[in-house]
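The values are calculated or read from the model by the stated rules, or taken from the named source; none is laboratory data. Predicted model only: the values in this text are computed from it and were never measured. Reconstructed Cβ throughout: ideal geometry from the backbone, glycine too, with neighbour counts over all protein chains shown. All accessible areas refer to the heavy atoms of the entire protein, side chains included, with ligands and DNA or RNA removed. Shrake-Rupley method; radii C 1.70, N 1.55, O 1.52, S 1.80 Å.
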Amino acid sequence: GHFEGDAQKYRDADEISDEVDKRQFGNWVHEVLRRFHEALQATPAADEADQRALMARAEDEARSAQALDDAGFLPFSAAWPAMREGYLAWLATHVAQGHAFVQAEPEKQSPLPGMATVTLVGRLDRIDRGPRGEPLVLDYKTEALERSRERVKDPTEDTQLAFYAALLGDEAARAGY
C-alpha cells in the first residue's frame, strides 16, 4: 500500500540523484582536462612532474569552479586517481605518436553537405592534430569500458563521432573516444 509507494518515490529520487552526480563528475572531468591541456599547451617543455602539477592544479580549479562539495564528490575522487593515471599513460603514447592538442570544448557550426538549409551545431570535447596535420576529434567518456565497447559494436548505430567529424566541415577528420 502506502508505504510501498513512498519507498518507490525514495528509490526513484536516489536514482535521479545518482545520475546528476555522474553527470557532474563527467562535467568535472571535461573541465579538468580542458584546464590541464590549455596549461600544458602553454608549457610545451613540461616533463612528467610538471604535467602532474598542472593536472593537480586543474583538478583543484575545476572543483572550485563547479562548487562540488566534498561529501558528494567522495565516490568520484576515489575513482579519479586510477582514471588520471590511465589518461596520463595514454597521453604519453598519443604525443609520442605525433599528436598534439589544439583546442578543448570548441563550439562548431557547419552546413550539412547537400542541404543548405540545415546547419549542424555542437560542442566538441577536444580537437587534436595528427602527425600529418590532420584533425582528430576526441570525445571523452567516463562510462565503463564495456559500455563503450557496446557503443561501437555496430558502427551504423554510433553516430556521435560521425556528427562531430561533420562539424569540422570540409576537413577530413578522424575521431575516437
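Here are some notes:
- Each other residue within a Cβ distance under 11 Å of residue 98 adds +1 if Lys or Arg and -1 if Asp or Glu, for a net charge of 0.
- The amide H of residue 103, built 1.01 Å from its N in the peptide plane, has 127 as neighbours under 5 Å, considering only residues 5 or more places off or on other chains.
- Spatial separation of Cα centroids for the stretch 112-165 and the stretch 44-105, in angstrom: 21 Å
- Accessible surface, 1.4 Å probe, highest first, among residues 61, 31: 61, 31
- The phi torsions of the stretch 40-49, fed into the Karplus equation with coefficients 6.51, -1.76 and 1.60 and a -60° offset, translate into couplings of 5, 4, 7, 10, x, 8, 4, 8, 4, 5 Hz, rounded to whole numbers, with Gly and Pro shown as x.
- Kirkwood analysis of the stretch 47-128, using all unique Cα-Cα pairs, places the hydrodynamic radius at 15.9 Å.
- Across the stretch 104-118, rounded Karplus estimates of 3J(HN,Hα) from the backbone phi angles (6.51 cos²θ - 1.76 cosθ + 1.60, θ = phi - 60°) give 10, 6, x, 8, 10, 9, 7, x, 6, x, x, 9, 4, 8, 10 Hz, Gly and Pro being marked x.
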